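For reference, the structure discussed in these notes is given below.
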Amino acid sequence: MGPITLFDKSFLQALNVDEAMWFDHFFLANICPIFYVETLADLEKPAREGRTPEQEVGFIADKTPYMRGMPCTYHGTLCLGELLGNRVPMTGQIPVSGGRPVKSDGKSGVVFDEAPEAQAFTRWQRGEFLELERHHARAWREALRTLDLPALAEKFRALGITGKNCNSLAMAKDIASGIVRSKEKPFDRIAMAFNLLDIPRQYHVPIMQRWSVMGYPSFFEFAPYVSHVLEVEIFFQVALAANQISSERASNRADVAYLFYLPFCTAFVSSDNLHRRCAPLFMKPDQDFLWGHDLKADLKQTNVHFQSVPDEVKAKGIMAFAHHPPGGEDSLMVQLWDRHSPGWRKVAANNHVFEPTRNSKLAAGIKRMTQARPLADHEIDFDPIEADSMAIQRFASKRRGNWWQLPSDLKNEEGPS
């Protein structure tokens, strides 16, 4: 399995269906809520000539990763949980909501049903949209239309932030970092956090109590993920005030929000210039920013490479023959696999072909786990994050674009696979 990769809408729009299929196959995609909302908002956006808004959204849904893609939990939910004392792992893994702890065959596990977002994308592929989704689309477009970025920038200019004392995005990042790491004026800082994160009032007291018991530490010490989100938010507002980010483009607000999800990936791919300028400032040395056009070129070459596979092998499904990205040392995908999945070459040297859809023992074990009784709270004697196994149920089409994702002769069954 390839690198855990956050992607934005601009990247996916540039791919054709075959390229998107290979992205889904060779990467574990982080599907963040911002992508979901941006895609849905296209229902209220004028479509290209000859297409309806529903068709535009359907085209994006067709290309959305669903075989290995994972919907990430909303950052606001994660922030609230962390402020109340729940740990948010920031080691590159994708936080997923809704799992039910189980035990099967003497081992611990967590089972995730098909996520509502995944169900929505499946419906959108068929041109089916709920009225509630249309309402949200209208609300999101209206929010962007009425967002007053110039006024937002003016608030920080009133605090003395200008292009003279902040003449680069790196300086804006340093200013934001200093604010979230400071211990001065603790009550002003917590009030700012409640406001920027839109924390419901009923949680203010328990959060304050927990914070006071810990001696009013900085956000960086108190809640590391909250610290990251606040740093991105303050950075954006400082950069607006210093004219390092344009206040004339309302969509910049949504674009910057993708950066909230950087702790949950090893790579971020985008074709957006704002991301190209800002994302590296918030990424660790072991993370990579990928320019979308470069990765698209590699995916195109991947598609050409596998076209030479005999038809009878293709009919077995891509999992039977496409075990790792093709290409040499100059391939971007190979470089990424070497960096983030270093054991793949040893596996590739083994000529044994593993076809999970043909492994009856594996399938039976997964079925027992997914059908196991959910454990009551008092029965859970393991950390779900450290469970022995995890099962994610999802809908999967046998064919996608010009490729069999699953064996052509695999019997169709109702429901997710």
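The values are calculated or read from the model by the stated rules, or taken from the named source; none is laboratory data. Small disclaimer: the values here were computed from a predicted structure and weren't measured. Here the Cβ positions follow ideal geometry from the backbone for every residue, glycine too, while neighbour counts run over all protein chains shown.
Looking across the stretch 288-305, the residues that are in contact (Cβ under 8 Å) with a residue 40 or more places away in the chain and either closer than 19 Å to Trp344 by Cα or surrounded by 14 or more Cβ atoms within 10 Å (Cβ to Cβ) (or both) come down to Asp288, Leu290, Gly292, Leu295, Lys296, Leu299, Lys300, Thr302, Asn303.
Yes/no per residue for (1) surrounded by fewer than 16 Cβ atoms within 10 Å (Cβ to Cβ); (2) closer than 30 Å to Gly69 by Cβ:
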| site | (1), (2) |
| --- | --- |
| Ser168 | yes, no |
| Ala191 | yes, no |
| Ile207 | no, no |
| Phe236 | no, yes |
| Asn273 | yes, yes |
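Screening Thr64 with (1) at pLDDT below 85; (2) surrounded by 16 or more Cβ atoms within 10 Å (Cβ to Cβ) gives one miss only, at (1).
Taking (1) among the aliphatic types (A, V, I, L, M); (2) under 20 Å from Phe11 (Cα atoms); (3) surrounded by fewer than 19 Cβ atoms within 10 Å (Cβ to Cβ) in turn, Val96 satisfies each apart from (2). Consider the stretch 1-18 and keep the residues that are charged (D, E, K, R) and surrounded by 22 or more Cβ atoms within 10 Å (Cβ to Cβ). The one that is modelled with the lowest pLDDT is Lys9.
Residues in the stretch 381-409 that are at pLDDT 85 or above and in a loop (DSSP other than H, G, I, E, B) were compared, and the one that is farthest from Glu117 (Cα to Cα) is Asp409.
Listed by first and then second residue, the pairs linking a residue in the stretch 87-110 that is over 26 Å from Lys367 (Cβ atoms) to a residue that is in a strand (DSSP E or B) and among the hydrophobic types (A, V, I, L, M, F, W, C), with Cβ atoms under 8 Å apart and 6 or more places separating them unless they lie on different chains, are Gly92/Ile4.
Among the criteria (1) within 26 Å of Ala396 (Cα to Cα); (2) assigned to a helix (DSSP H, G or I); (3) modelled with pLDDT under 95, the one Ser308 does not fulfil is (2). Filter the stretch 223-234 down to the residues that are part of a helix (DSSP H, G or I) and in contact with an Asp or Glu (Cβ under 9 Å, 6 or more places away or on another chain) and list them by number. Result: Pro224, Tyr225, Val226, Ser227.
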